[in-house]
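To start, the structure under review is shown below, and the notes come after it.
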Amino acid sequence: MIPSSLNDINGGGQNRRRKGGASVQSSSAAPWFAKVLAAASSVLLLLVAHNRVKGGTSSSADPNVSGGSSNSTSTNPHRSFVCITGQVNRLELANKIVAVLNPLRNAGYEPEIALILDDSSSTPHVTNDQVIKVDYTAHEPAFATMDDAVRLLREMEFHVLTDSPYIQVSDPILNEKYVAQLHRKAGMDNGQHRKRAENNLRMMESWAQCHTVMTADIDRSMTYDLVVRTREDTGFLQALDVEFLIRQLNGEGDGDNHASVNEDQDKSERKRVISNGCRYSQGMNDKFAILQRSAADTYFLSPFRAYYTKELHPKVMSSESFIYYTYLAEGLSILRPPGLRKIVKVVTDGEGQTKIYPGEMQKILDWCRVRIHDDSVPNACVPSWDATNRSIAAPTDACWRHKVKDPECLECI
């Protein structure tokens with residue numbers, strides 16, 4: 001059970017450290033497929049094989065885990081683990097600081113952050129660029145290097161657990177049954193379809209790496225009260241209501257019509273994961289999730305493991321449906337509360353300004369009944385560090401909310 005007493009606690013405290021070096025991990029070694037298969041019967045063996053493929057070590061000293069000072073001054077009574085996955089050149093942080101990290105801090109759940117980000121290519125791995133005709137080379141990254149992102153977070157006294165990029169596998173070995181069952185999007189040729197399947201696999205592998213970092217100090221990892229994973233290009237049109245999400249994770253959301261709960265488990269024993277309340281594509285949206293620590297091992301590890309070792313559910317037709325049916329088979333309860341709908345994909349334009357990704361305004365209107373007035377994210381929403389008060393000087397989510405018109409009826413979703 002997650003503590004439900006939320007306190008707005010700031011200031012004072014101590015730095016926290018983790019063991020490890022700062023070398024870049026590589027996942028391009030050919031034997032990794034065989035190692036995963038050999039380790040299928042045991043989560044522990046899977047992790048060991050996964051780390052060896054990356055050129056790393058055991059979970060107690062992962063080379064991606066920071067050995068530097070966190071600069072954290074928080075005395076928050078609880079901790080949360082936040083993993084941001086994807087690629088450095090698509091990373092957006094200003095919105096996440098205001099809408100995710102600071103709300104967690106203010107609610108008493110001090111975030112410890114893992115950046116599982118690839119910087120191996122100047123051109124991002126993208127799935128739908130050929131469908132909506134987005135030229136990523138026209139968009140300037142918000143961060144030239146991962147060091148820049150880490151520096152910003154530490155200036156705001158967040159504890160960042162990773163110092164170096166995580167290099168994604170360049171030529172992953174695909175499960176051909178998955179490729180065949182994956183729905184082919186309109187306009188995609190065979191090469192683009194396989195590229196989409198490769199990106200799905202890279203996503204699952206990066207989630208497994210979140211777990212590696214989270215459990216680098218196994219005793220400490222068991223003290224996290226909340227676990228969050230978000231994509232690097234996810235944007236939030238409304239700051240997280242942490243108190244509402246905790247009530248959902250503690251069981252108050254099990255009865256709503258967007259939940260798929262494990263009825264075989266007693267309500268007090270269910271392992272719950274919250275995802276978007278809409279746009280779940282016959283499964284669950286991969287942009288964002290918040291979950292109980294008890295669900296984290298299964299959440300991070302089971303998709304990558306099941307990809308090679310489990311029969312595909314007949315309804316799998318996308319990565320969203322694959323992870324959804326994998327989690328149901330593993331006994332997780334998936335909650336998709338209608339109140340969690342204002343989540344979009346963002347990108348930086350040619351002048352480095354954050355904007356809502358092309359096509360998102362229509363999608364969130366069609367699928368979530370949320371109307372966005374324009375595609376820009378105002379500069380007034382950018383947070384800054386107040387050194388005097390040792391806190392983040394951030395606006396409320398009103399700077400986004402004025403762009404949004406709520407639906408007339410939630411049941412329309």
Can you tell me which of 368-375, 208-215, 102-109 comes out highest on packing, and rank the rest after it, using the mean Cβ neighbours within 10 Å?
208-215, 102-109, 368-375
In whole µm²/s, the translational diffusion coefficient that Stokes-Einstein assigns to the stretch 236-366, given a Kirkwood hydrodynamic radius over C-alpha pairs, 20 °C and 1.002 mPa s, equals 136
Whole-number value, in Å³ per residue, for the convex hull of the alpha carbons of the stretch 171-308 is 155
Using only the Cα atoms, work out Rg/Rh for the stretch 236-276, with Rh taken as the Kirkwood radius, to two decimals.
1.00
Would you pull out the residues with amide H under 5 Å of Tyr166's amide H, same chain only if 5 or more places away, H placed 1.01 Å from N?
Leu117, Asp118, Asp119
Would you please give the FRET efficiency between Arg194 and Trp385, computed as 1/(1 + (r/R0)^6) with r the Cβ-Cβ distance and R0 = 35 Å, to the nearest 0.05?
0.20
Sequence ranges 241-253, 187-199, 323-335, ranked by mean other-Cβ count within 10 angstrom, highest first:
323-335, 241-253, 187-199
Quick check: residue separation of Asp366 and Thr223 times 0.36 nm, minus the Cα distance between them. What number comes out in nm?
47.5 nm
Above-threshold pairs, the threshold being 28 Å between Cα atoms, out of Lys310/Lys355; Lys315/Lys355; Lys195/Lys363; Lys177/Lys342; Lys271/Lys310
Lys310/Lys355; Lys315/Lys355; Lys177/Lys342
Carbon-plus-sulfur fraction of the accessible area of the stretch 193-268, 1.4 Å probe, in percent?
40
Computed label-point distance, nm, for sites Asp148 and Asp241 using a 7 Å Cα→Cβ extension
3.6
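The values are calculated or read from the model by the stated rules, or taken from the named source; none is laboratory data. All of these numbers come straight from a predicted model, not from anything done at the bench. Don't worry about glycine lacking a Cβ; one is built from the backbone with ideal geometry, like all the others, and counts go over all protein chains shown. The accessibility values were calculated without ligands, DNA or RNA, using every heavy atom of the protein model including side chains. Shrake-Rupley method; radii C 1.70, N 1.55, O 1.52, S 1.80 Å.
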